[in-house]
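Visitor: Take a look at the following structure, please.
The values are calculated or read from the model by the stated rules, or taken from the named source; none is laboratory data. From a predicted model like this one, the values you see are computed outputs, not experimental measurements. Cβ atoms come from the backbone with ideal geometry, glycine included; neighbour counts cover every protein chain shown. Areas reflect the complete protein model, heavy atoms only, side chains present, ligands, DNA and RNA absent. Shrake-Rupley method; radii C 1.70, N 1.55, O 1.52, S 1.80 Å.
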Amino acid sequence: MAHSNETVRIVQATDACLDVDIQTTFMPAHDGHPEGGLAVKEGHLILPIVRKTDDLFKRKFATVDRHPLGHISLASSYVDHKPFVPLHEYPLLGMEWWPIIIGAAARFSPEQFLDYLTKVKVQMLWPDHAIEGTPEGELHPTIDRGAYLHVQVKGTDPACDSYSGFFDNLKRPTGLDETVRKHGVKRLFLRGLAFDYCVGWTALDAVALGYEVFIIEDATRSVDMADSVEKMRKDLDAAGVKVIRSDQLRSF
Ligand SMILES: [Zn+2]
């Protein structure tokens, strides 16, 4: 892993932080907030680190995960399917019974489902989380929305999930890259949830788009299923994403 203990000095003109999905939906019960739909272990412990590092950045961007009920990523959209089990493309192809697994709540057609799964190959099924119209589909209440130059909402298309803030899972751009680039940003410092999914995917896309990318490790936590953390660490390392701690950051 690309860990280094070097001090990293923030250059206000060309550095920005990108906060990925800092929402109660990804946190256990804390400070009067109920347990989130997709609570990541210790997810709330990023909040003090986020506050501590906030003043370093003049430019800040954020993403918010938000889904309608009946979304393609939710286990509740399918018949007899449990959360945290991946839905694979291959057992479904060539069979005539696959539409029957789509539940009454689904907001996508059998045709959209098959087309999507053929393209993404695998979709992890999640518990209901980040549901639009509820507090879970918003930034954490202690986060100041006005401090961001732009908040990119993702995952609202019922027929497509979106881990990355830059592209949805069908690789369609969200528009975030254009917005960030317009502000002259060259380096991105990521905080948020969860490391092995939305933070990691956002970091990989950011590198591919030409940004230098840092993940502030104590400002993130993982879902941590099977080999998800180890695999993401390898992918990030291969891509050149740097993982640092908040105490390595200095203002200029
Ligand atoms: Zn989601």
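Visitor: Report the residue count in segment 207-222 for those that are within 27 Å of residue 40 (Cα to Cα) and either of a type in the set (Ser, Thr, Tyr) or free of Cβ contacts under 8 Å to residues at least 12 places away in the same chain (or both).
Guide: Number of matching residues: 2.
Visitor: Which residues, taken from segment 140-164, are closer than 19 Å to residue 68 by Cβ, part of a loop (DSSP other than H, G, I, E, B) and not aliphatic (A, V, I, L, M)?
Guide: Residues satisfying the conditions are 155, 156, 157, 158, 160, 161, 162, 163.
Visitor: Right, another one. Given 167, 108, which one is without any contact (Cβ under 8 Å) to a residue 40 or more places away in the chain and either surrounded by 18 or more Cβ atoms within 10 Å (Cβ to Cβ) or within 23 Å of residue 195 (Cβ to Cβ) (or both)?
Guide: Just one listed residue meets the conditions, 167.
Quick grid of which residues meet (1) open to solvent by 50 Å² or more (accessible area, probe 1.4 Å); (2) hydroxyl-bearing (Ser, Thr, Tyr); (3) away from the ligand (no atom under 15 Å from the Cβ):
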position: 162; (1), (2), (3): no, yes, no
position: 172; (1), (2), (3): yes, no, yes
position: 212; (1), (2), (3): yes, no, yes
position: 217; (1), (2), (3): no, no, yes
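Visitor: Being within 16 Å of the ligand (Cβ to nearest atom), in contact (Cβ under 8 Å) with a residue 24 or more places away in the chain and within 14 Å of residue 87 (Cα to Cα) is the requirement here; does residue 120 meet it?
Guide: Considered against the rule, which asks whether it is within 16 Å of the ligand (Cβ to nearest atom), in contact (Cβ under 8 Å) with a residue 24 or more places away in the chain and within 14 Å of residue 87 (Cα to Cα), residue 120 comes out as yes.
Visitor: While we're on this one: I'd like the residue in segment 182-201 that is open to solvent by 40 Å² or more (accessible area, probe 1.4 Å) and in contact with a Gly (Cβ under 9 Å, 6 or more places away or on another chain) and, out of all such residues, is nearest to the ligand (Cβ to nearest atom).
Guide: In this case the residue turns out to be 201.
Visitor: Find the residue count for segment 137-171, including only residues that are over 14 Å from the mean Cα position of the chain (by Cα) and over 18 Å from residue 87 (Cα atoms).
Guide: 13
Visitor: Separate question: Among the numbered criteria (1) modelled with pLDDT under 90; (2) farther than 19 Å from residue 125 by Cα, which single criterion is violated by residue 101?
Guide: Single failed check for residue 101: (2).
Visitor: Can you list residue pairs whose Cβ atoms sit under 8 Å apart, with the first residue in segment 62-76 being closer than 16 Å to residue 20 by Cβ and the second being buried (at least 24 other Cβ atoms within 10 Å of the Cβ) and basic (Lys, Arg)? Count only pairs 6 or more apart in sequence or on different chains.
Guide: Close Cβ pairs satisfying both conditions: 63/154; 64/154; 65/154; 66/154.
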